[in-house]
Amino acid sequence: MQNLRKKFPVLQHCIYANTAATGLLYEDLMEWRQEHDLDYLIGGSQMKQKWYGKMNEVRSTVGQFFGCKASNVSLVPNFTLGLNLLLEGLPTDSRVLLVHNDYPSLNWPFETRKFEKDYVSIEANLEEQIHEKLSAGNFDILALSLVQWINGIKIDLAFLKKLKQEFPTLLIIADATQFCGKQEFNFEESGIDVLGASAYKWLLAGYGNGFFLVKEEAKKRFNLNAVGNWSVDRMGDDFQNSPFCKRLEPGHLSSMSFGSLQFSLNFLETVGVENIQNQLKLLSQKAKQEFTSLGLLEDSVAKRDIHSTIFNIKGDQALFEKLSQEEVVCVLRGNGIRLSFHFYNTENEIDAIVDILKS
């Protein structure tokens, strides 16, 4: 991992603890993008024409990386647009269970529509609350982030799988923007029916690209009306029979953006997803131990056995400014300061942050 740090120039002059906001650009991707634009400069429309066919390769790469058939992959500019298109295809009388203070781009699209909604709180017993609500009520949909954006609480994937077994008609929709790229994951074997993510954070793919994965059975729950020339790959006018996932791709897709997504997924495969997962586990355990010992974590985080690498520590504007002056890149979120660590971070950097906090 130490050698990989050289590919991220930002790390040479700061402690970058802000991947939960924006993943870093690395030299390999920058070079690929330069070559892409040079090809465009020289080739014009012929270069773009070739990329129309390459989008199927991007879907295959996404599917292979996340254990999903390519035909069940939709390429979208970002999670938010994809979710809004999907929700237009759900019955308006659906009863939805959400997590209070979950990511706005997940909750707001539900809240601005006529669905009947109920909530659970982000507490240490999050899974227990969800189960109790589902057992007591007749819900059609559970929608939640796999990792909470403010404090990094991570839902138990095994719990979701058991939940799907107990409530087989429950449609589970997951925002995985703060999850994808951090550990091995097989969509088909999970309890999740619909998974969406933007790829500019932990997948390091830059802005303008994301994806949705949809299981075959889940498709039957939607009646999608979104459509465009791209939905039929510009082949004729039989848009009524366009595939489900192509309904989420009504317009042109950027070869730069989705080529970057494919490039970064291949890059992460080269690094080794297992290696990334092991590094993040070390960083998570160390950060949680250090921040807990300083009394900086809320009980809902400190009491949980498994956590992500996103932490919200107690602190005000003054502490945030001090961290910034010490070249720690972080952000104010909720009632505290959010720190987030990726595989390019080190345990020594966590020690340095702890020393600043102690001082």
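Could you check how much of the accessible area of the stretch 294-359 is carbon and sulfur, as a whole percent, using a 1.4 Å probe? List each step's numbers first, then the result.
Details: 1310 of 3030 Å².
Reported share for carbon and sulfur atoms: 43 percent.
If you count the DSSP beta bridges with both ends in the chain, what percent of them are antiparallel, to the nearest 5? List each step's numbers first, then the result.
Details: 18 of 36 bridges.
Of all bridge pairs located within the chain, approximately 50 percent are antiparallel.
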(message) Can you say what percent of the DSSP beta bridges in the stretch 36-182, counting only those with both residues inside, are antiparallel? Round to 5.
(response) 10
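Below 8 Å between Cα atoms, with a sequence gap of 6+, how large is the relative contact order for the stretch 262-359 in percent?
Details: 86 pairs, mean separation 28.0, N = 98.
After rounding, I find 29 percent.
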(request) Collect residues whose amide H, placed 1.01 Å from N in the peptide plane, falls under 5 Å from the amide H of VAL120; neighbours closer than 5 in sequence don't count. (result) LEU98, VAL99, HIS100
(message) Report, in listed order, any pair from LYS54/LYS154; LYS114/LYS219; LYS50/LYS161; LYS54/LYS164; LYS48/LYS281 with a Cα-Cα distance greater than 29 Å.
(response) LYS54/LYS154; LYS50/LYS161; LYS54/LYS164; LYS48/LYS281
(request) Can you tell me the order of 53-62, 294-303 when each peptide is scored by its average per-residue count of other Cβ atoms within 10 angstrom, highest first? (result) 53-62, 294-303
(message) Can you tell me, using C-alpha contacts under 8 Å and at least 6 residues apart, the relative contact order of the chain as a whole percent?
(response) 23
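Please work out the average accessible area per residue across the stretch 260-303, using the 1.4 Å probe convention, and give it in Å². Numbers along the way, then the final one.
Values: 2070 Å² over 44 residues.
That works out to 47 Å² for each residue.
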(request) Excluding residues fewer than 8 places away in the same chain, name every one of the lysines whose C-alpha is closer than 23 Å to that of LYS322. (result) LYS286, LYS288, LYS314, LYS358
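The values are calculated or read from the model by the stated rules, or taken from the named source; none is laboratory data. Just so we're clear, the structure is a prediction, and the values are computed from it rather than from any experiment. As a convention, Cβ positions derive from the backbone with ideal geometry for all residues, glycine included, and neighbour counts pool all protein chains shown. What goes into the accessible areas is simple: the full protein's heavy atoms, side chains included, and nothing from ligands, DNA or RNA. Shrake-Rupley method; radii C 1.70, N 1.55, O 1.52, S 1.80 Å.
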